[in-house]
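I have placed the structure first, in the form of structure tokens, so that the comments after it can refer back to it.
The values are calculated or read from the model by the stated rules, or taken from the named source; none is laboratory data. Quick caveat, the model's predicted, so the values are computed rather than measured. Cβ placement follows ideal geometry from the backbone for every residue including glycine, while neighbour counts extend to all protein chains displayed. We work out accessible area using only protein heavy atoms, side chains counted, and drop any ligands, DNA or RNA first. Shrake-Rupley method; radii C 1.70, N 1.55, O 1.52, S 1.80 Å.
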Amino acid sequence: MWAEAERGKARDSLYKVYAFLNGWQEKEGIELPLAIYREEIYLDTELVELDLQKFFKCLDSKNVEDWEHAERLYTAPLLFENSYEWVEDYEAVYDMAYYEVLGRLLDYYEKEGNREKALYYGRKLKGFR
């Protein structure tokens, strides 16, 4: 996560994040499947539902309700609170997928003759460009 940081500072930051997550888990009563080994923290994503994974799963669907769900899940820019170089490629893929789903929804509702929804997604698509 801190590729540009000195190794010692990166390790200190890692342990601070780990301590924060442990405290947060206790406070919120949520258990995250975290493991720490040497200088790495692991999160078993098989045991956690991630909105980003769900977003892309909805895009693979042929079901318009899933596309609408993906559109609602979109909260770009990805990790906007922080600027990490490693996020940029993921962010571009995420943004392009959102753009694609807006186009799909617009096309679908235009073909269905649903002017209200076509206008809604058309405006979102225009505002996204």
Kirkwood radius from Cα pairs of segment 84-129 plugged into Stokes-Einstein at 37 °C, 0.692 mPa s, gives D in µm²/s equal to 290
Scoring only Lys, Arg, Asp and Glu (+1, +1, -1, -1) among other residues with Cβ under 14 Å from the Cβ of Tyr74 yields -2
Taking a label point 7 Å from the Cα of Tyr84 along Cα-to-Cβ, the residues of segment 23-46 whose backbone nitrogen sits under 20 Å from it are 23-25, 32-46
Output for segment 28-119: trypsin sites (Lys or Arg not before Pro) sitting in coil per DSSP, at most 10 other Cβ within 10 Å, listed by number, reads Arg38, Lys62
Count of lysine pairs, the chain, Cα-Cα under 17 Å, sep. 8 or more residues or interchain, comes to 4
Note: Tyr99 to Asp51 extended length (0.36 nm per residue) minus current alpha-carbon separation gives 15.6 nm
Between the Cα axis of helix 64-73 and the main Cα principal axis of the chain, the angle (0 to 90°, nearest 10) is 40
With +1 on the Cβ of every Lys and Arg and -1 on the Cβ of every Asp and Glu, the dipole magnitude of the chain about its Cα centre, in debye rounded to the nearest 20, is 440
Mean-square fluctuation maximum in Gaussian network of the chain, Cα pairs under 10 Å, restricted to Gly29, Gly103, Gly113, hits Gly29
Helix 7-28 sits off the longest principal axis of the Cα atoms of the chain, rounded to the nearest 10 on a 0 to 90 degree scale, by 70
When the chain is treated as a Gaussian network with springs between alpha carbons less than 10 Å apart, the largest mean-square fluctuation among Tyr15, Tyr74, Tyr98 is found at Tyr15
Put Asp60, Asp12, Asp95 in order of accessible area, largest first, probe 1.4 Å, and you get Asp60, Asp12, Asp95
Using the Kirkwood formula on alpha carbons, the hydrodynamic radius of the chain in angstrom works out to 17.5
Given Cβ charges of +1 for Lys and Arg and -1 for Asp and Glu, the option among Gly23, Leu125, Thr45 whose Cα lies farthest towards the positive end of the dipole of the chain is Leu125
Computed about the Cα centre, the charge dipole of segment 1-51 from +1 Lys/Arg and -1 Asp/Glu charges at the Cβ has a magnitude in debye, to the nearest 20, of 380
